[in-house]
Amino acid sequence: MAGTKQLKYGAIPQNDYVLIVGAGPSTKTCLDKVKMCIKKYRPLIFAANYNFESEGIYSNYTYITDPDKFVENIHTINSDLIIPFKLKYMLNYNKQSKKYCSLHNVFIAGDSTKFDYLTNNEIKIKKDGSIKMNFFGIAGFGAMTVATVAKPKHMLIVGIDDPKKNKDHKFTYQGKRTDYLKPEKCTKVINYFEQILIPLIKSKNINIETFKEVSLLGFSKKRLGIKIL
């Protein structure tokens, strides 16, 4: 039955394998590999912001991180939805979004605990699987964070490409260019990925996997301990 629910252990099925589909160029580049992995591992699929059915990827859950992306994409999303606690209180629900929310499950991730990229050095997950923060950063990172609730043993990530140091733009899997207007935000995002998010996933004994074509913000996969398939 559709409705709004808290995201925690048991709210979604447990699965040994989860697939995170970000909106970066490598989602398109690695499409054949992604489809092979879906067929082989039958993962729970967490999409970031978009419906990827045009690429032949059918998501179980879509994570949307901000109001603009919600309004822009909600009419195309047909999976269950996961949004951060902060977004719940920022949304101005329109007719399309109300219709969506009446037909699908909407999971609220996190609580009112404020999280700041610069001052927090860990993401706290309670014993019941609920998360002690109100916002999860860019959509790909949010999808990685909330996917831990499925208690996977493996997390395959694709489309997690930008931002990179000294770059003022990124490209999506659709080939669209987006400019970064705040260089300091890029630094925060990059540091968050390396210093907070990756350690979180590893602390849950989850093996992180990806493809050589995935840029991973310019990081060495070997240095981060990420397996290349």
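The values are calculated or read from the model by the stated rules, or taken from the named source; none is laboratory data. Bear in mind the structure is a predicted one, so any value in this text is a computation, not a measurement. Every residue, glycine as well, gets a Cβ built from its backbone with ideal geometry; the counts of neighbours run over all protein chains shown.
Considering region 29-69, the residues that are modelled with pLDDT of 95 or more and basic (Lys, Arg) include one that is nearest to Phe135 (Cα to Cα), namely Arg42.
Residues of region 107-153 that are under 23 Å from Pro43 (Cβ atoms), of a type in the set (A, V, I, L, M, F, W, C) and in contact with a Gly (Cβ under 8 Å, 6 or more places away or on another chain): Ala109, Ile131, Phe136, Ala139, Ala143, Val149.
Within region 129-160, which residues are at pLDDT 95 or above and among the charged types (D, E, K, R)? Matches in region 129-160: Lys151, Lys153.
The number of residues in region 19-63 that are in contact with a strand residue (DSSP E or B) (Cβ under 6 Å, 6 or more places away or on another chain), buried (at least 20 other Cβ atoms within 10 Å of the Cβ), hydroxyl-bearing (Ser, Thr, Tyr) and not in a strand (DSSP E or B) comes to 3.
None of Lys212, Lys202, Lys182 is farther than 15 Å from Gly24 by Cα and in contact with a strand residue (DSSP E or B) (Cβ under 8 Å, 6 or more places away or on another chain) except Lys202. Restricting the first member to region 198-226 and to residues that are among the polar types (S, T, N, Q), and the second to residues that are in a helix (DSSP H, G or I), the beta-carbon pairs closer than 7 Å and six or more apart or on different chains are Thr210/Leu216; Thr210/Lys221; Ser215/Ser26.
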